[in-house]
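What follows is a short report on a single structure.
The values are calculated or read from the model by the stated rules, or taken from the named source; none is laboratory data. The model shown is predicted, which means the values in this text are computed figures rather than measured ones. Cβ placement follows ideal geometry from the backbone for every residue including glycine, while neighbour counts extend to all protein chains displayed. Please note that ligands, DNA and RNA were not included when accessible areas were found on the heavy atoms of the full protein model with its side chains. Shrake-Rupley method; radii C 1.70, N 1.55, O 1.52, S 1.80 Å.
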Amino acid sequence: MSWTRPLLLTCLVVLSVITLFHGADSAAVSDKKAANPEVLKSSSASLMLFFTEGALSNVFMQEADASSFFKRRGKRAVKTQDEINAEQRQRLAADERRREYHEGQRNKFESYAEEENDEQDERTREKTEQWREFHYDGLDPSYEYNRHTV
């Protein structure tokens, strides 16, 4: 029960702030006048906040622009050529990164496979030489392989 009072108080404060600023048409940040940060025009025109020099000039947009911001282009509307080009560049860059990654993986595997084959060939050659040395009968080529059965 101890959490209900702070929660209720917080909700009340948020509700009062929303109703207080509901009448404002727009708000803007001006970087030209860094004089007084407490100057607020809360009449029906706009809410002005002043920050230090170099701050962004327009943080908030006009009410008419804000309402049409999401309505500019629907999901099925035709994209501009710039948007199409930007998306195509992103696709091409992603394809290039994917291609380079897979090429690197393929090169790693090829070098691994080549090394394994070389090692296997070396082991086979050594075993063959050992077998020939063990079975050598003094004849060249070996008698055992030149035997003709009658």
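Numerical summary
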{"item": "Selected residue (only one of ALA45, ALA94, ALA28 is open to solvent by less than 70 Å² (accessible area, probe 1.4 Å) and at pLDDT 60 or above)", "result": "ALA94"}
{"item": "Selection count where residues are within 19 Å of PHE21 (Cβ to Cβ), modelled with pLDDT under 65 and open to solvent by 70 Å² or more (accessible area, probe 1.4 Å), scope region 49-89", "result": "3"}
